[in-house]
Each structure stands twice: as structure tokens, then as C-alpha cells.
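*Asks:* Before we start, here is the structure in question, set down as C-alpha cells.
The values are calculated or read from the model by the stated rules, or taken from the named source; none is laboratory data. The structure displayed is predicted, hence computed values, not measured ones. Positions of Cβ are backbone-derived with ideal geometry, glycine not excepted, and every protein chain shown enters the neighbour counts. All accessible areas refer to the heavy atoms of the entire protein, side chains included, with ligands and DNA or RNA removed. Shrake-Rupley method; radii C 1.70, N 1.55, O 1.52, S 1.80 Å.
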Amino acid sequence: MNKDFNHDRGKPRTASGPPRTINVHKFAESRASELESLHSIVKERLSNDFKSQRSKRRRTTGHDNRLAKSRDRKKQKAGEDNVTTPDHLENDKKKLPRHVRRKLELTKNSLDGFSTSGDGTKRLRTHLWHAKRFTMTKLWGFYLPLGVQGSGRGSRALLKKLKGGVLVHDASYCSAVQLKGPEDLLLSILETVLVPSPCSHCEDARSDILSGAINGSAELHHAGAVFSQTIAPVTYMWQPQQCRNADTKVDHSNICGEQQKIDGCSSLRRLWVWIHAAAFKEGYNALQNACERQVDVAGTRVSCISLENHLGKLEVMGSRASQLLQKMLHPSTCSSVNSSLVKYASYIENDDQIPSSAIFSLSVHDPRFLDKDITNASEAKVQDTLSYKKDERGGNGTPKRDMKLLPCSFLEPEGSHGLSECIDLWDTKKDIDPPIEENILCMEKHRQRMELFRIGDMSTCRQQPSSARRFSRFCPILLLRSDSQKTSIIRWSIILPLSWIKVFWMAIVTNGAQPIGLREQHWISCELGLPCFPREFPDCSAYACFMALEEAAYDKKSELRSPHTRTWKVPVPSPWDSLRLALEGLNGAAHSRVQHEQLLPNDMIRNIAMNNPYLRSCKSETESSCSAPFEGFVARTCNVLAQFLDEIKASHLLLFPKVLHSKKCIGKFMKDEKILNEDADGVIYQINQDQKLCLVRVLLHAYREGSFEEGAVVCAPHIDDVMLWTTRSEISKGELQVPESFARSCFSQQATGKWEFQVPEEPAAKESCRLPIGFITTGFVRGSKKPVAVALCEAVCLARLREEQWKAVDVRKRRKEIYVLVRNLRSTAYRLALASIVLEQWEDDLECM
């Protein structure tokens, strides 16, 4: 008992551990007899033949050093030639191999910018991770992940993961443009380029957007023209008021004592406009032009700066996306952090209470330093979220939601701790420190393992990193929530500095999220009923460029096939101008145009065309310089559609945009028997020939059977066709079909490369021909429980079809949906479908992926 305890302290003696170093020679001498006995046993088993068996030998040149010697001779010879030549004195050292240089470049983590290839194509910060697992494509100036390697399938498993897990997508190719200036001037600029503008929202939504509590969605247009060409859908957000006041106090309170200067600086606001990479240059130029025009009028300068190489974005979506972020994001307790931390903590338990399009400005810990034992962050209380203290325990003995950090305080220079913790992401003037490099973390973990196993010399000091670069364990982020009433899936966007993209990407993936590419993102957008840019925006220039690449890829792929297996060529970019035939056919424009020109003189027609912004002849200089795929526009807000109907004097049409505080409801008019008795036929026929096409987005569901592909044509059915499908239980194969000769030649490509619809002349084809009113932009997704296709159709044609179908049936049998016919471009059969107009269900159609 006396030997086991120390009577001075009353504690048991600690057993002495193994020696920290071992001398191999002394160890072998002390165990010589044991080693000799083992050697004798092995010798007997191998019959004293220690050579490797011939059957197990592998052909390799690793033992032969002649190849290495020959390479050294070539390098020496090349070096001698460079030395003797005066022109190559700077190239004494031969360049490293390309794969080595590329690996070194990709492993770097610069503060801003992307690594580029030889032709200037940018690589994402996650390029190395994606290139090993995904099929990469060169698009919009980037190397982007197209999809998982394979035949392009896997949509069923992806949709299952969306509804039961988490998906993540690196959207760093989208960039932001910062506008800084007086608030009134910024609002006037946005009013000229955004539809809808922030001022057009209701009072509550407008105040939330201007205060920075939520973000807004709109369409970016060219300034200087009434209803000019669309550039791209954008998301904009204002700097919160509290951060702006804090920045103003820091910058000017100690420098300027004049109250007037402080008041003048306090009115400055910052605004970020996020634009897709396909239209970033065009959108940035449009914003610059709008700022320059406003400067000339108001006399105040508004800065327009591109943040293309500074910020990145990660898209996290799925039914369990909020739980993953709660587990991974641990806000820091900095006094300068605004009220977003309190809001985030108040919503962390009740995820359903988070408002749509909410913005949280947080400063979070490096996710690599989190304790792996924390598996369910939702169990923590709100007060525990705001008290991140190390080694602190509650009164009942249960540990709080602590952070188990590596002891890496030696990695940060003196005075840097706490400084980067208080930096906000809006502080673009301040350099945000990058995360600690992986090699330093690996070195520290290795040192901890050596201490755990008592190996090595503990007296050696820790290796200090280079003091030329500062690191941080805190990252400022912006957390955006997107869950509108249109979808039941929660989507989050994490905006953070580019230098932190790798860290958060690996943390999200290791926590169970499945990465996706552009192909999978398109499937998800169709499943959620959201438009996908630029695939579903034919009124933008980015659509024409994107479809030109798609057509070139399709032609290249078809050329590789043999002539007897090659199918007939179909238009890859849909011929939108052919919809004008249906507009004239349904409205009887061929006959009414002659009467209209006889009733109105030429001068009056010219004046009407100049005063109507929806006519093709009214184009600005900026719009004419941009190449649009067709002469028309897509109505994505109810106000735009209502304004279009008022301008062409067609408000009586059976289109019911869901305008806010409007009494016009489709359910009310469906049961009204007098709505079709009013004589308004003469008004619609006086539409000018140069009227622009107005397209609306519709959702198509197959009536009985059929699978709709991308690019399929949507046709206007006769009332007999609808009755044939709705009254009969079975349809014979010969009915509602076109001849194969017409299916091959209905769209012909001209010498200019433009596709046109050919009206058939044969009696059989002419009888079965149905005029096109739209095209499908996104087909059915395999594996979806409720398959839906997305199409863009002409609004006036849909209204005339609805009127014809309502007249043919009883009031009780009327439907909100419109019956249309769909035919795949390589098929001869028509399929009946039900078309639902999106703007009749929602007030706008601006949210996209």
C-alpha cells in the first residue's frame, strides 16, 4: 500500500510510459536470440530460397535506373544549350511538367480570383473535386460540372435524395455587381432597369427589401427604352441599415467633426445585384450605362463595381437542408454583429417561421474545428446558440453547445484574433483573411498524435507558419433562404468569400450532402416548377448563345452516327417566330388585316405603331444592337401581362392574371354564364400586324398518356379533337396523327440557318395539321411521381382556345386548364395535355434556378 500511493499528495503514482525514442541497433542486439530463431523458422519453410517466386513477379522498371539517368543527361544537355545561348539566359531552369504546374496552381488558395487555363477559361475553387467525379464542360467562360459521369441517367435517385436528403451545388460562376450611392438615386436607377422595381411592391415588402431583411427578385432590362429587351433574371439585396450606420460612424466620426458631412455620408447605401454568368457582361454594362445616365441628371456619382472575383455562392437544397446548416454553422459572439444573429437564433428551432427570402448576416466559425460529437444541433436551446464558450458547463452538469477547437492559436499573428471575427461581408474595403491552410492543419494534427503516443521529442517547439500571410478561424457569410409558396422544398444560398469556398464545400459534402451539376439542377428546376436560366428565357441574348452551343454539339454528335441510323434533323433552338401563324389563324387576321388597313389611313397606322411599346417597329438603339432570338417577350409578372392586354385593347380575353388586390378571379368567371355572351369579337381582330408575341409560361400534364420531350411543339387543337379525347375511352392509333413526310418537313431550315414552319399542301397532311402555339422548354423528368413539362405559349392563342372550349361545354364542366395538343418533333402522334398558366396561380414568375 505504501508503494502504490504517495502519502504527501494522496494520489496514486502514474506509471512511467514507454521511452520516447528507440535505438534500433541496441534493440536488435538485445533481441538477437529471438531474431535468429525467427530467421531459422522462415529459412526452413522457404528451403533456404529467399528469392521471390517467378509466378508472382511483375514486369516493372522500378529497379532499373537507366531511364532516370537518360532523363538527367537530357536535362543537363538542355541546360548547357541554354547557358551557351544568350537569348535563353532567363530559362536556365527547365519548366516543371504541366500536370505538376496545374496541381500546384489548383492547390493554391488565393484571396480572390479564379485559376485559369491556357485559353483563359476560369476554374471554380472546387474544380479539382468536380473533375475527378463529374463530366466537365466549358460554358460561359468557366469549366463547369455538367453532371455525374455516365449516360445522363439517375434522375429517380436524385429526386428521392431531394425529398429525403440534401443537395449542394457550387454556383460561384454567378457574380454580383455593387452599386453605392444615395438611396434615392439608387431607387431611380433600379426603376429604369428592373421589372418589377422595388418601388412597385407593396409597402410592407418594400420596407423589408430596403432595410435589408429580405432580398428581391426581378428582371434586368436595358435602360432608356420602354419595355426594352430582357437581359437576365437577377436577385438584389440592400446592405442592412444597422451595418450602414456602424460603418458610417467608424469612417467619419473621428475624422470629420462636422455634422453635415456625417449626415451626408449616412444616406449612402450599398446594393448587390446578382447576375448569372451567361449574361454577366451584358448586365454589368447595362447597370454602368444606367448609372452614367443618372449621374448626368442628378450630378451625384454612383459607383458601379464588379465583385466577380471576390464572392462565391453555394446552393443547398432539400428537405433536410436546414438541419445540415444548423449542424454546420456556428455563429460567433462578436459585439459588432448585427441583429441577424438574434434572428437566426430565434428561428433555429422553428424553421417554418423563417420568412421567405430572408437574409442573415453572420460570422461563423471554421467548420473544420467543430466537435464531431455534435450530431444534432437542433436539440440546443436558443440561449445556448448565443453562448459559445469553451470548457463551460451548465448547472445540471450537461455540456452546452460548445466548440471543440484545435489549439491553433499559434497559427494567428498577434492582434489578429477577434479582428476578422467582427468583419462583415459587406466590408469590401477590408481584406478578409483566408482560412488556415490544410498542410498546417495536418501538421498540427500529426503533432497531436505524436504527443498522444508519446513519440518524438516534446521539447521541440512548434513550427511557426510564415508571418507573411494571416489566417482566420472566422468567416463572414450571408445566408439567404428561398422557399416560396410555389415549392415545398427549402433552398438556402450561402454567400461567402472565394477563399472560403473549399472549406465550406468539403464540410457540406462530408455532412451528407450530394453534389449536383448543371444537368441535375435542370431536373430539379422542372420538378419544382421553376424556370431555369437561360434555357427557358428565349427573349434574352444569353438564350441564343446557349442554344447555338447546344445545336453545334447536337450536329457533332449526329455526324458520328452512320447514315442509316441517323434520324432526321430537328430544330434545336425552337422556331418561336412560327407562332405568329397560329396568332393570325385563330384570330382571323388574314381577313381582318385587309379591313383594318381600309378603315385606317397609313399615317394613323404609323402613329399607333409609334405609341405602342409592344410593337416590333419600336426599338431603341441599345435593343437593336442586341440579337434577340425572336420578336417578342415573356410576361413573368401579372402587371406586365395586364398592361399588355390593356395596350392591345384585349382586356376582355379570358386571361386572369393574379394581380394583387384585383377582383378578377378565374373561379368567379368560370361559373358566369354571361361572360361568353358579350360581343367583343371585333376588338381583337384589330391587332396590328407588327404586334409583338407575348409568351407565358405554362405547366403541362398529360391527359391520359404520353411523355413530352424538350423541344416538342404545342399545337392548338380543334374542338372536335378535344371531344374525341374526353368522350371516348379509347383512341385508335390512326386518329390524331400526321403523316411521317409532314413530320420530317414541317420545320425546314433556310439558307440563313433560320427554321420556319411549312404549311402542308397535301390533303391528308393539311387535314391533320395543327398550328403551333408554343414549345416545350423542359420535358418530363424520369422518376417523378407527378411528371410535368414546362412550355412557353402565346397568351392570346391560349385565351382564344379557352373561349372556344368553354363555349362547347356546360358551365359545370368548364376547367381552369386549357386543352392543348403536344407532338414530339420525331413523332407523328398528337397527345392531349392540360395547360395551366403560371401567372393565374401566382403573382409573378421571377424565381428561377
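*Asks:* If R697 passes every condition in (1) surrounded by 12 or more Cβ atoms within 10 Å (Cβ to Cβ); (2) within 20 Å of Y830 (Cα to Cα); (3) modelled with pLDDT of 85 or more but one, which one does it miss?
*Replies:* (2)
*Asks:* Right, another one. What do you reckon, is F142 open to solvent by less than 40 Å² (accessible area, probe 1.4 Å) and touching a helix residue (DSSP H, G or I) at 6+ places or on another chain (Cβ under 9 Å)?
*Replies:* Working: open to solvent by less than 40 Å² (accessible area, probe 1.4 Å): yes; touching a helix residue (DSSP H, G or I) at 6+ places or on another chain (Cβ under 9 Å): yes.
For F142, the condition - open to solvent by less than 40 Å² (accessible area, probe 1.4 Å) and touching a helix residue (DSSP H, G or I) at 6+ places or on another chain (Cβ under 9 Å) - is met.
*Asks:* Right, something else. Can you name the residue in region 277-297 that is open to solvent by 60 Å² or more (accessible area, probe 1.4 Å) and touching a residue at least 60 places away in the same chain (Cβ under 8 Å) and, of all such residues, is nearest to Q514 (Cα to Cα)?
*Replies:* N289
*Asks:* Right, here's the next one. When you look at V659, is it within 30 Å of the chain's Cα centre (by Cα), surrounded by 15 or more Cβ atoms within 10 Å (Cβ to Cβ), at pLDDT below 80 and not in a helix (DSSP H, G or I), yes or no? Before you say what the answer is, go through the steps one by one.
*Replies:* On the way: within 30 Å of the chain's Cα centre (by Cα): yes; surrounded by 15 or more Cβ atoms within 10 Å (Cβ to Cβ): yes; at pLDDT below 80: yes; not in a helix (DSSP H, G or I): yes.
Considered against the rule, which asks whether it is within 30 Å of the chain's Cα centre (by Cα), surrounded by 15 or more Cβ atoms within 10 Å (Cβ to Cβ), at pLDDT below 80 and not in a helix (DSSP H, G or I), V659 comes out as yes.
*Asks:* Are there helices (runs of 4 or more DSSP H) fully within region 500-562 with at least 1 residues that are surrounded by 15 or more Cβ atoms within 10 Å (Cβ to Cβ), in contact (Cβ under 8 Å) with a residue 24 or more places away in the chain and touching a Gly at 6+ places or on another chain (Cβ under 9 Å)? List them. Walk me through it before giving the result.
*Replies:* On the way: elements: 501-510, 518-528, 541-559.
Output list reads 501-510, 518-528.
*Asks:* Have a look at A765, A808, A795, A833 and point out the one that is farther than 30 Å from L314 by Cβ, among the aliphatic types (A, V, I, L, M) and open to solvent by 40 Å² or more (accessible area, probe 1.4 Å).
*Replies:* A808
*Asks:* To continue, here is another question. Mind listing just one residue for me: the one in region 634-654 that is in a loop (DSSP other than H, G, I, E, B) and more than 23 Å from T777 (Cβ to Cβ) and, of those, most open to solvent (accessible area, probe 1.4 Å)?
*Replies:* First, pick out the residues of region 634-654 that are in a loop (DSSP other than H, G, I, E, B): 635-636, 648-654.
If we keep only those that are more than 23 Å from T777 (Cβ to Cβ) too, we end up with 648-654.
Details: I648: 20, K649: 146, A650: 0, S651: 67, H652: 68, L653: 6, L654: 11 Å².
Filtering first and then ranking leaves K649.
*Asks:* Are there helices (runs of 4 or more DSSP H) fully within region 63-132 with at least 2 residues that are modelled with pLDDT under 85, under 26 Å from I432 (Cβ atoms) and open to solvent by 70 Å² or more (accessible area, probe 1.4 Å)? List them.
*Replies:* Numbers: elements: 66-84, 98-107, 127-131.
Passing ranges, in order: 98-107.
*Asks:* Residues in region 231-253 that are under 26 Å from S207 (Cα atoms), open to solvent by less than 30 Å² (accessible area, probe 1.4 Å) and either at pLDDT 60 or above or not in a helix (DSSP H, G or I) (or both): how many?
*Replies:* 8
*Asks:* While we're looking at this one, here's another question. Report, ordered by the first and then the second residue, all pairs with beta carbons closer than 6 Å, sequence separation of six or more or different chains, a first member in region 137-156 that is more than 24 Å from A277 (Cβ to Cβ), and a second member that is acidic (D, E).
*Replies:* none
*Asks:* Answer yes or no: is there a residue in region 770-785 that is among the basic types (K, R), open to solvent by 70 Å² or more (accessible area, probe 1.4 Å), farther than 30 Å from F644 by Cβ and under 31 Å from the mean Cα position of the chain (by Cα). Steps first, answer last, please.
*Replies:* Narrowing region 770-785 to residues among the basic types (K, R): 770, 782, 785.
This time we only want the ones that are open to solvent by 70 Å² or more (accessible area, probe 1.4 Å), so: 782, 785.
After this cut, where a residue has to be farther than 30 Å from F644 by Cβ as well, the list is 782, 785.
Still in the running and under 31 Å from the mean Cα position of the chain (by Cα): 782, 785.
Among the residues of region 770-785, at least one is among the basic types (K, R), open to solvent by 70 Å² or more (accessible area, probe 1.4 Å), farther than 30 Å from F644 by Cβ and under 31 Å from the mean Cα position of the chain (by Cα), which makes the answer yes.
*Asks:* For E756, are the conditions met, namely being farther than 25 Å from L528 by Cβ, modelled with pLDDT under 90, more than 35 Å from the chain's Cα centre (by Cα) and open to solvent by 50 Å² or more (accessible area, probe 1.4 Å)?
*Replies:* No, not satisfied.
*Asks:* Give just the number: which of (1) in contact with an Asp or Glu (Cβ under 9 Å, 6 or more places away or on another chain); (2) over 29 Å from E520 (Cβ atoms); (3) not hydrophobic (A, V, I, L, M, F, W, C) does E804 not satisfy?
*Replies:* Tallying (1) in contact with an Asp or Glu (Cβ under 9 Å, 6 or more places away or on another chain); (2) over 29 Å from E520 (Cβ atoms); (3) not hydrophobic (A, V, I, L, M, F, W, C), E804 fails exactly one: (1).
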